[in-house]
1. Confirm whether Gly70 is in contact with a Ser or Thr (Cβ under 7 Å, 6 or more places away or on another chain) and surrounded by 14 or more Cβ atoms within 10 Å (Cβ to Cβ).
2. Tell me, which helices (runs of 4 or more DSSP H) wholly within the range 40-111 include 2 or more residues that are within 29 Å of Lys11 (Cα to Cα), of a type outside the set (Lys, Arg) and out of contact with any His (no Cβ under 7 Å at 6 or more places or on another chain)?
3. Scan the range 41-63 and report the pairs whose first residue is within 18 Å of Tyr81 (Cβ to Cβ) and touching a residue at least 40 places away in the same chain (Cβ under 8 Å) and whose second residue is loosely packed, with under 12 Cβ neighbours inside 10 Å and of a type in the set (Asp, Glu), with Cβ atoms within less than 8 Å and a gap of 6+ or a chain change.
4. Which residue, of Asp80, Asp101, Asp20, is surrounded by 12 or more Cβ atoms within 10 Å (Cβ to Cβ) and among the charged types (D, E, K, R)?
5. Could you check how many residues of the range 45-67 are surrounded by fewer than 13 Cβ atoms within 10 Å (Cβ to Cβ) and hydroxyl-bearing (Ser, Thr, Tyr)?
Amino acid sequence: MKKLLSTRWLKSHNLILPADRKDELNASAQGEWELRIGNYIAEHLTREQIDEFEKFYDDSKKGKASDGDGIAWLERNYPDYQKVVWREARKLRREILAADDKVALINSWGQ
């Protein structure tokens, strides 16, 4: 999965993250993006599909599977996966651009 707050996107919107918090804020934004994608897709899967996907997640944490295996599973079992990924990216980016205090918003996602 690509980075939500890529250097290119930040530059194109004249956004500068504080250098001493850039990694932390990127991780917060990335985590929020992944959470929203997961929540949306989980609402549209059966319990059996969720259990099967969670096995990929658990196996990847144990080094028995890669993140790519889970993404391949999602693409097979939820054909609109990529559409969800980019729709959620657009939503989060719009939220960031609309916020008066962009850093505070991003920081709130990491809590």
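Every read-out reported here was derived from the displayed coordinates using simple, explicitly stated rules and does not represent laboratory data. These figures come from a predicted structure and were not determined experimentally. FYI the Cβ positions are ideal-geometry reconstructions off the backbone, even for glycines, and counts take in every protein chain you see.
1. yes
2. Output list reads 67-77, 81-98, 102-109.
3. Short answer, once both residue conditions are applied: none.
4. Asp80
5. Result for the range 45-67: 2.
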